[in-house]
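Here is the structure we will look at, set down as structure tokens.
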Amino acid sequence: MQTRTLTLAEIEDLSQRALEAAGTTPENARALAQATAATEADGVASHGLAYIPIYAEHVQCGKVDGKAQPVLTRPKPGVICVDADSGFAHPAIDMGFDALVPLAREQGVAALSIRNSYNCGVLGYHTHRLAAAGLMGIGFTNAPASIAPSGGATPVVGTNPFSIAAPGADGQPAVLIDQSASTIAKSEVMKHAREGRPIPVGWALDAEGNPTTDPEVGLKGSMAPSGGYKGVGVALMVEMMAAAMTGATLGKDASPFSGTKGGPPRTGQFFLAIDPAATSGGDFADRMAALVAAIHAQDGAHLPGDGRGAKRAVAQTEGVAVNVATLDRIEALLG
């Protein structure tokens, strides 16, 4: 695979220009471009620049409104709601966080509900920002159905990630958990399908519920839940939080995030921001430091988020190696 190294600023600029060329407003494109650069820095290439051509296609076919104008309301003192207006989740989340962070600091805890939105990319990118603001950030996002219930074979819920990021002393998360309800993110199966590569056993199931190594067959069947019935339980929890609690479309009714079939998916996100100083008696930082130290003291042991953090630090100075084929697809959007 041929690669070319880009700085994070170059990744953000390229993403911004491509999204605007597809018909996205500069304001909406900026939120997504910043997230794309951060995602590449964290080493999550499947959700980075590789998604820009998909985003552009979805703007052009009407699956997402690149000119959407999110609307914020505050129905209760501790609750913020944002209607994403069938647009990208990122600008809606940005708008929500501008109100959520100060509210959580004032009250100790606050909730943000996002409805009528689109794929929010890497959920941990968003909870990371809450942790960087000194808050415990908890996030949920639902997705079009791709996981079958226990004992069934027809998908009802999505891969439905959840994420929790704990603030650290240096402005970076002390721990960042970001995982989907499936064994692997669906985007990884899609990436293997695009590249014509088989997938490992245990990633996906065929239409009858049997394991498959063919990504195309898996995409027509269902994703394998992580931990069997426990993964299905996680997917249901996220569906309740990100769809039922927000008024968003249930995964079983949402149009796919891939391809051009169907209109806007109108899925949802839900965030909780908690001020540890208000709940811990003042010793949250000490307890987190002790917990982290106990794990790092073991040879070879690591915490969720350690790998992304290390890659992020390197990317700040050395840039990111990007697939040339991906860059060619994006540059073709610019004419």
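The values are calculated or read from the model by the stated rules, or taken from the named source; none is laboratory data. Everything numeric in this text was worked out from a predicted model, so none of it was measured. Positions of Cβ are generated from backbone atoms using ideal geometry, with glycine treated the same way; all protein chains shown enter the neighbour counts.
Which one is farthest from GLY251 (Cα to Cα), of the residues in segment 158-173 that are in contact (Cβ under 8 Å) with a residue 40 or more places away in the chain and not in a strand (DSSP E or B)?
Among them, the one singled out is ALA169.
Considering (1) buried (at least 18 other Cβ atoms within 10 Å of the Cβ); (2) not β-branched (Val, Ile, Thr); (3) not in a strand (DSSP E or B), say which one LEU176 fails and leave the rest.
Just one mismatch for LEU176, condition (3).
What number of residues in segment 190-210 are aliphatic (A, V, I, L, M) and in contact with an Asp or Glu (Cβ under 9 Å, 6 or more places away or on another chain)?
3
Tell me yes or no: at least one residue of segment 15-37 is of a type in the set (Val, Ile, Thr), surrounded by fewer than 20 Cβ atoms within 10 Å (Cβ to Cβ), under 23 Å from GLY124 (Cα atoms) and modelled with pLDDT of 95 or more.
The answer is no, given that none of the residues of segment 15-37 is of a type in the set (Val, Ile, Thr), surrounded by fewer than 20 Cβ atoms within 10 Å (Cβ to Cβ), under 23 Å from GLY124 (Cα atoms) and modelled with pLDDT of 95 or more.
Which pairs do you get when a residue that is surrounded by fewer than 18 Cβ atoms within 10 Å (Cβ to Cβ), found in segment 243-254, comes within reach of a residue that is of a type in the set (A, V, I, L, M) and in a loop (DSSP other than H, G, I, E, B), reach meaning Cβ atoms under 8 angstrom, with the pair 6+ apart or on two chains?
Qualifying pairs under 8 Å: ALA244/LEU250; LYS252/ALA145; LYS252/VAL156.
Go through segment 295-320 and count every residue that is closer than 15 Å to ALA41 by Cβ, within 21 Å of the chain's Cα centre (by Cα) and surrounded by 15 or more Cβ atoms within 10 Å (Cβ to Cβ).
Within segment 295-320, residues that are closer than 15 Å to ALA41 by Cβ, within 21 Å of the chain's Cα centre (by Cα) and surrounded by 15 or more Cβ atoms within 10 Å (Cβ to Cβ) number 8.
Mind listing just one residue for me: the one in segment 134-157 that is at pLDDT 95 or above, touching a Phe, Trp or Tyr at 6+ places or on another chain (Cβ under 8 Å) and part of a loop (DSSP other than H, G, I, E, B) and, of those, surrounded by the fewest Cβ atoms within 10 Å (Cβ to Cβ)?
Here the residue is PRO144.
Pairs needed: first member in segment 65-79, over 16 Å from LEU19 (Cβ atoms) and hydroxyl-bearing (Ser, Thr, Tyr); second member anywhere, at pLDDT 95 or above and in a strand (DSSP E or B); C-beta distance under 7 Å; at least 6 residues apart or different chains.
Taking only residues 6 or more apart or on different chains, the pairs are THR73/CYS81.
Can you tell me which residue in segment 237-294 is modelled with the lowest pLDDT, limited to those that are over 18 Å from the mean Cα position of the chain (by Cα), of a type in the set (Lys, Arg) and more than 29 Å from PRO167 (Cα to Cα)?
LYS261
Looking at (1) among the charged types (D, E, K, R); (2) under 26 Å from GLY66 (Cα atoms); (3) part of a loop (DSSP other than H, G, I, E, B), find the lone condition where ASP94 falls short.
Only one criterion in (1) among the charged types (D, E, K, R); (2) under 26 Å from GLY66 (Cα atoms); (3) part of a loop (DSSP other than H, G, I, E, B) is unmet by ASP94, namely (3).
Among (1) out of contact with any Phe, Trp or Tyr (no Cβ under 6 Å at 6 or more places or on another chain); (2) under 18 Å from LEU236 (Cβ atoms); (3) at pLDDT 90 or above; (4) surrounded by fewer than 24 Cβ atoms within 10 Å (Cβ to Cβ), where does PRO161 come up short?
If we test PRO161 against (1) out of contact with any Phe, Trp or Tyr (no Cβ under 6 Å at 6 or more places or on another chain); (2) under 18 Å from LEU236 (Cβ atoms); (3) at pLDDT 90 or above; (4) surrounded by fewer than 24 Cβ atoms within 10 Å (Cβ to Cβ), just (4) comes out false.
Can you tell me which residue in segment 40-49 is farthest from the chain's Cα centre (by Cα), limited to those that are assigned to a helix (DSSP H, G or I) and under 17 Å from LEU123 (Cβ atoms)?
Step by step, filter segment 40-49, then rank; the result is ALA41.
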